[in-house]
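Only the coordinates and a few stated rules stand behind these numbers; no lab work does. Please read these numbers as outputs of a predicted model, since none were measured by experiment. Backbone-built Cβ (ideal geometry, glycine too); neighbour counts: all protein chains shown.
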Amino acid sequence: MYLFKKSIDLQKHLDQLRKQNLQIGFTPTMGALHQGHLSLVNKSLSKTDINVCSIFVNPTQFNEKSDLDKYPRTTSQDLELLTTVNNDIVWMPSVEDIYPKDLDTTIPLDFGQLDKVMEAAFRPGHFDGVAQVVKRLLDIVQPDQLFMGQKDFQQMSIIKNMIEQLGLNVELVSCPIIREADGLAMSSRNVRLTSEHRAKAPIIQQTLQWAKSQMNQIPPKEIAAIALERLRLPDFKLEYFEIVDGNTLLKIEKLSDSNFVVACTAVWLGEVRLIDNVIFKNES
Ligand code: AMP
């Protein structure tokens, strides 16, 4: 596996590969890798010739400095895991390389309601930082395909919208959520859960599954209200539970109002913020 730190070195290497007509896949990550990340790498390896996995803890998407400081960093383990799945290239740029002082990397796009609801309402500025870093990473890597996880559903919607608005020449591939055996969505943040909170965390996924089981019986608004009650537990601090159209991210009144319906939630368990979602139906 090739390891690059400087973007210029990565670009030189990729230019050579492109001359051989090789298709480049790209899996951006913030490290602390788990099987969820590796599923993206595997998907890319199955659909392209070469995968570039970036590890970059992007400071501009953290709205709380303490969250950035506490973000787990496990570089040597990450490199080992990437080797086990035969990843081709790992890229670990510095903050200065991604955000050079003389380059304006902000993305002056209007994402409409996509950047106002759910995550955006609780993490001001977060998606500006996400769009900024993904655009910068895409500019450097110039992949044919970009692989992202459904786990961060709203993030994927924003990036899809950015690609459309800017007319970027890259195909976005959505990858399903990989879960622990007890249903908890894998996340780099899970290691920060206390053992007590870790034991309770699967309730989030169970509540989403319960909500899905009710979709043909009860109107979405009522399902969401009951789910909110179910998640009002000691140690849980609930931010939102919404049943939305998977394209617009706006709440739906009736299941039949949309052919793409997803329930999304965000919950604090102690000091750790967890997000999860379940697709009710996707006939789009
Ligand atoms: P992160 O390192 O958290 O920024 O995530 C990097 C990529 O991995 C994003 O596209 C995430 O959506 C994806 N990802 C994170 N957790 C999972 C998971 N449990 N299953 C599938 N993809 C995931």
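In segment 212-227 there is no residue matching the filter, namely being within 16 Å of the ligand (Cβ to nearest atom), outside any loop (DSSP other than H, G, I, E, B), of a type in the set (Ser, Thr, Tyr) and out of contact with any Gly (no Cβ under 9 Å at 6 or more places or on another chain).
Residues of segment 132-169 that are more than 11 Å from the ligand (Cβ to nearest atom), small (Gly, Ala, Ser) and in contact with a helix residue (DSSP H, G or I) (Cβ under 8 Å, 6 or more places away or on another chain): 157 alone.
Taken as a whole, the condition of being crowded, with 20+ Cβ neighbours inside 10 Å and closer than 22 Å to residue 190 by Cα applies to residue 127. Residues in segment 247-259 include none that are out of contact with any Phe, Trp or Tyr (no Cβ under 8 Å at 6 or more places or on another chain), surrounded by 15 or more Cβ atoms within 10 Å (Cβ to Cβ) and under 21 Å from residue 186 (Cα atoms). Of the listed requirements (1) within 16 Å of the ligand (Cβ to nearest atom); (2) closer than 19 Å to residue 121 by Cβ; (3) touching a Pro at 6+ places or on another chain (Cβ under 9 Å); (4) not basic (Lys, Arg), residue 252 misses just one: (1).
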